[in-house]
Amino acid sequence: MCLAIAPNSQCSNSLFARVWRRLSSTPLHLFSFAALFHLMIGTGILIYSHLSGAQVNTIVLLFGLAYGVLALLIFGFLMTWLPGNYALSPVHYGRYSSVYLLMMISLLMLEVGSLFSFHWIQPAMILLVPAWLLALQGLWQLHTWMKSNAEHFTRILFMLILLNGALLVFSVLGYSIDLPIMEMAPYLSIFVVWPIILLVIVFFVKKTPVSGRIISV
């Protein structure tokens, strides 16, 4: 932990501080850690329910996977790879750490709600919306800084991610008034939208000019 109160700031060199500095050094590191952490928790919940016979809301876990775990991986990659390969200003630490914090809290609430209390589910879903808004604003800033020869790729990516964000909002509204969209949206996101986004990213990475690759992730 660094104390930036005076010009001669001091940084803790404890094990936790060193690990945290390493994890939080880039959005990719931080978001990948969060995604892996919650993927392990979700898997543990499913194993526990299978062994104990406890009832688990699998739709809620799928919702967390679609709009939390997978979103973290894609957001983390784009927020790290785009600035590193196109000489853009990096995403501010305050922005991506806020996304991380909101996502972590929301996913923990979803996991608890899927197993113990349905009262936790709706607040957790709503909490994902500001996390997405912060992430989308950061991605939009990266898009506006891109050179014209790469803007069309990031525009396509941004539109597809916006489509997933719309599914998230419709799911939150659908859960509030008990519409089927809540059950359908995670499947559409996981099996349709995210795979298309991943294909566009792979194509984008392969088409990146070597001269533009300033910093390797």
>> For the stretch 32-41, check the following and say yes or no: at least one residue is hydrophobic (A, V, I, L, M, F, W, C) and at pLDDT below 85.
In response: no
> over 16 Å from the mean Cα position of the chain (by Cα) and surrounded by 24 or more Cβ atoms within 10 Å (Cβ to Cβ), is that true of Ser89?
Replying inline: no
>> Quick test for you: out of Val19, Val69, pick the one residue that is at pLDDT 95 or above and in a helix (DSSP H, G or I).
In response: Val69
> Would the stretch 147-168 turn up any residue that is under 21 Å from Leu108 (Cβ atoms), crowded, with 17+ Cβ neighbours inside 10 Å and modelled with pLDDT under 90?
Replying inline: no
>> Please count how many residues of the stretch 29-85 are polar (S, T, N, Q) and closer than 25 Å to Val192 by Cβ.
In response: 4
> Just to be sure, is Leu110 under 25 Å from Phe158 (Cβ atoms) and either among the acidic types (Asp, Glu) or buried (at least 23 other Cβ atoms within 10 Å of the Cβ) (or both)?
Replying inline: no
> What number goes with the only condition from (1) touching a helix residue (DSSP H, G or I) at 6+ places or on another chain (Cβ under 8 Å); (2) in contact (Cβ under 8 Å) with a residue 24 or more places away in the chain that Phe118 does not pass?
Replying inline: (1)
>> Contact list please: Cβ distance under 8 Å, first residue in the stretch 198-217 and within 30 Å of Ala66 (Cβ to Cβ) and charged (D, E, K, R), second residue in a helix (DSSP H, G or I) and modelled with pLDDT under 90, pairs at least six apart or on different chains.
In response: Lys207/Phe153
> With respect to the numbered conditions (1) touching a residue at least 12 places away in the same chain (Cβ under 8 Å); (2) closer than 17 Å to Ala66 by Cα; (3) out of contact with any Phe, Trp or Tyr (no Cβ under 9 Å at 6 or more places or on another chain), which one is the sole condition not fulfilled by Gln137?
Replying inline: (2)
> Within the stretch 137-181, which residues are closer than 16 Å to Gln122 by Cα and either touching a Pro at 6+ places or on another chain (Cβ under 6 Å) or not in a helix (DSSP H, G or I) (or both)?
Replying inline: Ile177, Asp178, Leu179, Pro180
> Name the pairs whose Cβ atoms lie under 9 Å apart, with the first residue in the stretch 90-105 and among the small types (Gly, Ala, Ser), the second assigned to a loop (DSSP other than H, G, I, E, B) and at pLDDT 95 or above, and 6 or more positions between them or separate chains?
Replying inline: none
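The values are calculated or read from the model by the stated rules, or taken from the named source; none is laboratory data. Everything numeric here is computed off the predicted structure, so don't read it as measured data. As a convention, Cβ positions derive from the backbone with ideal geometry for all residues, glycine included, and neighbour counts pool all protein chains shown.
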